[in-house]
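Bear in mind that the values in this text are calculations on the coordinates, not laboratory data. Everything quoted here is computed from the prediction, not taken from an experiment. Every residue, glycine among them, receives a Cβ derived from its backbone with ideal geometry; neighbour counts consider all protein chains shown.
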């Protein structure tokens, strides 16, 4: 048999596998720039960078009306939450027990405060959320804000930077949000920031101990008791009289 014939009959499977592996590596390398862009995008969405974006939008929108500015900043928080969720790090475990723990802690903390100063919290609610209508206040204070802020500040910031950083950034964000509200004097904003840092520590503790569900449940309960209940009482009293 000639040498050319012997070369033709030589097994080629190993050679073909080597070529296939090389092609696969080439395709992987060609796809790596796109994967790198996604990874860099996820890294850019670190909690500190996201907070800088939120601050930038908050400062740039100071000339807007307070309700419109609130809506804009909540939209920014929603975008940050959705982008962070793309990294796969936003996780929450759900159980009725932890939900009940969050509700109980919220009631224990908020009810004495409400009973001590209901008129103060009634005035604060419309100032903080930019509305006086009871239904809209309920939607914002109970359903919208606790979910957005819980997912971002506890689900993302606290997860990446810890309890204290999450609470401090949460308090600073609340101060930034109310800067455009009427009567937002510096001392009032400072007092609000300090109070919200304390609230952030409470919600962060619930998240750290019992999970994100408990933290959001606690936030919902506090908002319901402190901000919605006074408005509900004020709406009911004229009807009974």
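Cα gyration tensor of the stretch 45-240, axes a ≥ b ≥ c as square roots of the eigenvalues: rounded (a/c below 1.5), prolate (a/b > b/c) or oblate?
Details: a/c = 1.75, a/b = 1.16, b/c = 1.51.
Oblate.
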> For labels at residue 104 and residue 59 in the simple 7 Å Cα→Cβ model, what's the distance in nm?
Replying inline: 4.5 nm
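With the radius of gyration and the Kirkwood radius both derived from the Cα set of the stretch 99-178, what is their ratio Rg to Rh? Walk me through the numbers on the way to the answer.
Numbers: Rg = 14.0 Å, Rh = 14.2 Å.
Reported Rg/Rh, Kirkwood definition of Rh: 0.99.
Looking at the stretch 148-241 from every direction and averaging, what is the projected area of its Cα convex hull in nm²?
Numbers: hull surface 28.8 nm².
Averaged projected hull area, Cα only: 7.2 nm².
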> Which FRET efficiency value, to the nearest 0.05, is calculated for residue 132 and residue 74 with the Förster distance at 22 angstrom and r the Cβ-Cβ distance?
Replying inline: 0.75
>> List residues of the stretch 197-218, by number, whose backbone nitrogen lies under 20 Å from a label position 7 Å along Cα→C-beta of residue 85.
In response: 207, 211-218
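Given the peptides 189-198, 206-215, arrange them by the average over their residues of other C-beta atoms within 10 Å, most packed first. Display every interim value, and only then the final one.
Details: 189-198: 16.0, 206-215: 22.8.
By packing density, highest mean first, the sequence is 206-215, 189-198.
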